[in-house]
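What follows draws every value from the coordinates through simple rules; no lab data is involved. None of the values given here were measured: they were computed from a predicted structure. Methodologically, a virtual Cβ is constructed for each residue, glycine included, from the backbone with ideal geometry; neighbour enumeration extends over all protein chains shown.
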Amino acid sequence: MFQNMNGKKTKKQVCLIKQKFICNHCEQAFKHDSIMELDHIVPKSCGGGEQSTNLQVLHRHCHDIKTRDDGRYHARHETWIRSIASW
Ligand SMILES: [Zn+2]
């Protein structure tokens, strides 16, 4: 179940095992019918990379909430960058 054809785990599977099948956002265990999505902890738009330390698995609805919050963070960050530029 947790192996590809070539015997290598996918990033999502590695994260799931690391998280002990718990969603990092709502801290509820994933169920067999949960929709799970791979999330970049630091969004790529904020310079986050593809390394496993920057990846986590979230429920789709939790991912939606986080993405919205990331957007807010990003907007604040942009404002801050602009304010530095005017120093
Ligand atoms: Zn969740």
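Just to check your reading of the model, which residue among 42, 14, 57 is assigned to a loop (DSSP other than H, G, I, E, B) and surrounded by 12 or more Cβ atoms within 10 Å (Cβ to Cβ)? Answer to the selection: 42. Restricting attention to the range 60-87, the residues that are part of a helix (DSSP H, G or I), among the hydrophobic types (A, V, I, L, M, F, W, C) and either more than 28 Å from residue 37 (Cβ to Cβ) or more than 14 Å from the ligand (Cβ to nearest atom) (or both) total 5. Scoring residue 34 on the criteria (1) surrounded by 11 or more Cβ atoms within 10 Å (Cβ to Cβ); (2) more than 13 Å from the chain's Cα centre (by Cα); (3) part of a helix (DSSP H, G or I) leaves a single failure, condition (3).
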